[in-house]
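K.L.:
This is the structure I have questions about; it appears just below.
The values are calculated or read from the model by the stated rules, or taken from the named source; none is laboratory data. Being a predicted model, the structure only gives us computed values, none of them experimental. Glycine also receives a Cβ, built like all others from the backbone with ideal geometry; neighbour counts cover every protein chain displayed. For the accessible areas, the whole protein counts, side chains as well, though only heavy atoms, and no ligand, DNA or RNA atoms are used. Shrake-Rupley method; radii C 1.70, N 1.55, O 1.52, S 1.80 Å.
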Amino acid sequence: MNSKDKRNIEHTSTPKRRRLSLRRKCSNLKTYIYNAPHEDSIPEIADEETNTIHRCESPRLPCNQVEYLSESGNSSDIPCSPGVSNNYTLNNISNWESLVSSANNKSSSHIIKQEIENISDEMFCSLIEKSVSNQEEVVMKNDDNNVNSQANHNQIFKLNCGSKDELETRNELMPISPIINSKSFTFNKGTNQNENINASTINYEVDIENYFDEINHTISNFDTVKLNKSSLFETKDSFLLDIKDDSILGQEFKSDIHDLVERKLETKLNDKQAVMSNLKSSNSFYGLPISAKELFKTFRNIERFYDWQEECLNLDAIKHRRNLIYALPTSGGKTLVSEVLMMREVINRKKNALFILPYVAIVQEKIWALSPFAVQLDFLIEEYAGGKGSLPPKKRRKKNTIYIATIEKGLALVRSLIELRRLDELGLIVVDELHLIGEKGRGGTLETLLTTVIFVNQNIQIVGMSATIGNLSEVATFLKAEVYERHFRPVELTEYVKLGSTLHRMLWTDEGLELVPDRELDFNYSAEQRARDPDGVCGLLRGGRAALVFCPTQRSCENVAATVAAMLPPEMADGRAEERLALVEALRAEGSTDALLQAASCGVAYHHAGLATDERHLLEQAFRSGVLSTICCTSTLAAGVNLPAARVLLRGAAGARGGPPALSAAAYRQMAGRAGRAGLAAAGESILICSPQQWEHLKPVLEAGVAPVTSVLRPSLESLILSAVTLQLADTGPELKRLLDSTFMAVPKAAESAAADTRAACQEVLRSLTRAGVLDVKGQRKLNQDNDDEELYNSQFVVSRLGQAAVKGCLSVEAARRLVAELRRAARGLVLCGPLHLLYLAAPHDDPVRPDPRHFYSLYCELDEEGLQTAKALGINETNAIRMMTGRPMACLGPHV
Ligand SMILES: Nc1ncnc2c1ncn2[C@@H]1O[C@H](COP(=O)(O)OP(=O)(O)OP(=O)(O)O)[C@@H](O)[C@H]1O
């Protein structure tokens, strides 16, 4: 055994293991290094005259373009905001390399040494890394066929190069990397392999190897790293441990440089604390590449993180990758923390992240907000909302992805990953508006998703955030998460209630909610105006501050918008004429109603779920840019939306006369919290409009605070169990019970007298699924009706084809069954003389329309030949239409029609 071999054995234990993992870290770091700007190269974007920083909108990039550009590596084409794009690459690298290329020229070596001393550590590391990468590229190009696979396997690289001189003349390709190389290289010069390896080179390699082993040991002793695999550390100098040698430069020069490198590294390693804080402050921005700092400044106007954000990012739970829920008031800056965590995940840990948001519109907003980061920091963003998002997700070799998804699409994504045994590609799931877990319908889907991930237990970190969860500790028990709670709100929100003609300020005290009269309101309305606007909405909007008016129904949104547009004072109605005209034209092209166009021309709009996505998007953008001053909306703009509203009015919160209040405390907080967003408005005001009598009912609701969220999983239990069997996560009663034990439903709650009986629930669902024919008992061709529950519970289950279809289509068993029946019916006779039958088949079935029976009958009477044939194929005939009109049950007709 030669000395080199011995050396390898002596130092393989920790260092080798670490090196293997550090190799990964090294490649992570590469991404960072290539994007790291030299401090000097970052352009100022301050306006010289006003000395203010420009706020830039995110570049206008559709998400698929972000994906495409990132994939193609063609990010230079992207029109970024000023000061962000081109300067983020090290454009002086060629000068540096040509400088190093003169390495053999002794007279220039001192210049190089001087240069190394002068450059920042950060730049130094970048240049070295770049050099190594170039060198690898050349090796690949030069010796595609001759790479010795065995040598490769042993991490000994064989270079089939010309003479040493030739090698040296390839200066731009073989620069400084040998200086700090810790790996062995064997040169293959024609047939005389190893000819150029002289003893001094080997000694040099031994020195370097030992040196790096020392570094390895030092690093592996860092407590934080050992405990924690700190992501901060992962992005730092660890790449130095993984650089390869080629022994090209003169020995003298090399040892000089070696000394320099050693000195530089030693300085760093002398004090572990100094290393860590140095890395923290100079090489990264909250664990992200330093270029992220500039991106936050340019695209978000954020120069400093709030103290709580910093504290949260440094929590032990985050460092040790434990699950976390953090709760702060609306506009507290929660989203920013989650974005940093996700970017760390994709950049540093090279895992994908899933960001779950409540609405398609918010998914799109976040895509736009994150796209400049994706382009500059070299990761991908993929939209999973509405019809978008491929299932299973595309496998990416080079880059990692942040999937931004609605709850439903997020579940489909997770299931598809589990099915293909690819769930380990996911490292982090962030759930915004976590309180939605208690919302009927969608809450069950969210709970199914989270339960599945927790049950599979593949070291996926779950982070949830919310402003409105009354029982954080119970939700935390479900997620096995730690809780971080603060009451920080950067922009002050003043809350008022308008009772009659008096405006009262709300004061929250330990005793409850106190009202302090603020002022009498007199808007000087004419009798006609008072009749048209009894709530005084238009008067409250005076002053021109951007405002949202929350209304209880779509109809009331439209009415209030029309009223406001008609009654606005001229100074508010007449501004921004050209831009408003452009908005009106854009809306007209989307097919908006005349009422909306009329309102928009005065700077007012309504916004609700009845509008198309593009219409809503246009209106939101117009409000952001100040073209619209007022939007009357339903709860579509209540949660998670970041608009520059300074004032929020809440109408109709009291509910129907005599009925319970329409507004919960959580909904009130979310809506009021839209006023005064940091960076968008200097202060916020919310005004709740109601009568003194209505206030009597509302006050206790608000005083009671945010209600605890409870599980709404029950109706989705079938889907959870069916998917678990399909995905082979559990297939017997006891295993499925264990799955149910991981649900939020199973967490004992203070608000409920008894915890859910998961065994009984499991038995009930198994019985119903087997009866429905979507689950079969293994080995039993047909379910024996005599199977008692106990026997059934202990059976092993397999999923029928119908069950598999339901899971794959993310449909309820009932919806899947209905679809199959429709397809069977269509198979018997598809009416193809017109589009009606195809349209019927393609229309969503999960939200059945309930037609007016009289209208239905008159429509039936007007059907043409194709319509009649289609109706016949669906089982609708005149008798049924008449029965429907007269309120009698229809014969031979399923509930689908
Ligand atoms: N450190 C910061 N400095 C300045 N502005 C910030 C900072 N962090 C966040 N912001 C800004 O504060 C505003 C609100 O932030 P964000 O949307 O993250 O709040 P949130 O807590 O998620 O609110 P909500 O619960 O209402 O969704 C945004 O405009 C954001 O850009």
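K.L.:
Taking amide H atoms as placed 1.01 Å from N in the peptide plane, list the residues 5 or more away in sequence, or in a different chain, whose amide H sits under 5 Å from that of THR494.
P.N.:
It is GLY684, GLU685, SER686, by chain and number.
K.L.:
Order SER371, SER664 by their accessible area, 1.4 angstrom probe, all chains in place, largest first.
P.N.:
So the residues, ranked largest to smallest area, are SER664, SER371.
K.L.:
What accessible area per residue, rounded to a whole number of Å², is obtained for the stretch 467-525 using a probe radius of 1.4 Å? Don't skip to the answer; put the middle values down first.
P.N.:
On the way: 3210 Å² over 59 residues.
Accessible surface, normalised per residue, equals 54 Å².
K.L.:
For a protection proxy built on the mean count of beta-carbon atoms within 10 angstrom, sort 871-879, 520-528 highest first, please. Please list the in-between numbers first.
P.N.:
Working: 871-879: 16.7, 520-528: 10.2.
So the peptides 871-879, 520-528, ranked by packing, come out 871-879, 520-528.
K.L.:
What pairs in LYS297/LYS351; LYS350/LYS480; LYS350/LYS399; LYS440/LYS699 have C-alpha atoms more than 18 Å from each other?
P.N.:
Check vs 18 Å cut-off fails for LYS297/LYS351; LYS350/LYS480; LYS440/LYS699.
K.L.:
Figure the gain on full extension for GLU878 and ASP574 (residue separation times 0.36 nm, minus the Cα-Cα span) and round it to one decimal in nm. Present the calculation step by step, with values, prior to reporting the outcome.
P.N.:
On the way: separation 304, 0.36 × 304 = 109.44 nm, distance 5.63 nm.
Contour length minus Cα-Cα distance gives 103.8 nm.
K.L.:
Compare the peptides 822-830, 396-404, 702-710 by average per-residue count of other Cβ atoms within 10 angstrom and give them in order, highest first.
P.N.:
Working: 822-830: 12.2, 396-404: 19.7, 702-710: 17.8.
So the peptides 822-830, 396-404, 702-710, ranked by packing, come out 396-404, 702-710, 822-830.
K.L.:
While we're on this one: Show the residues, 5+ positions off or on another chain, whose built amide H is closer than 5 Å to the amide H of TYR484.
P.N.:
Under 5 Å from the amide H of TYR484: ILE325, TYR326, ALA327.
K.L.:
Multiply the residue separation of GLU528 and ASP594 by 0.36 nm, subtract the distance between their alpha-carbon atoms, and state the gained length in nm to one decimal.
P.N.:
Working: separation 66, 0.36 × 66 = 23.76 nm, distance 2.37 nm.
Answer, rounded to one decimal: 21.4 nm.
K.L.:
Roughly what would the spin-label model give for GLU310 and ASN459, points 7 Å off Cα along C-beta, in nm?
P.N.:
Placing both labels 7 Å beyond Cα along the Cβ direction yields 3.1 nm.
K.L.:
Taking the Cα centroid of the stretch 558-586 and of the stretch 419-468, what is the distance between the two, rounded to the nearest whole Å?
P.N.:
42 Å
K.L.:
When ligands, DNA and RNA are left out and all protein chains stay put, how many square angstrom of accessible area per residue does the stretch 543-689 have with a 1.4 Å probe? Spell out each step's value before the answer.
P.N.:
Working: 5520 Å² over 147 residues.
Accessible area per residue: 38 Å².
K.L.:
Might you work out the accessible area of ASP852 for me, using a 1.4 Å probe with all protein chains in place, and round it to the nearest 10 Å²?
P.N.:
90 Å²
K.L.:
Taking the Cα centre of each part, how many Å lie between the stretch 361-417 and the stretch 666-692?
P.N.:
31 Å
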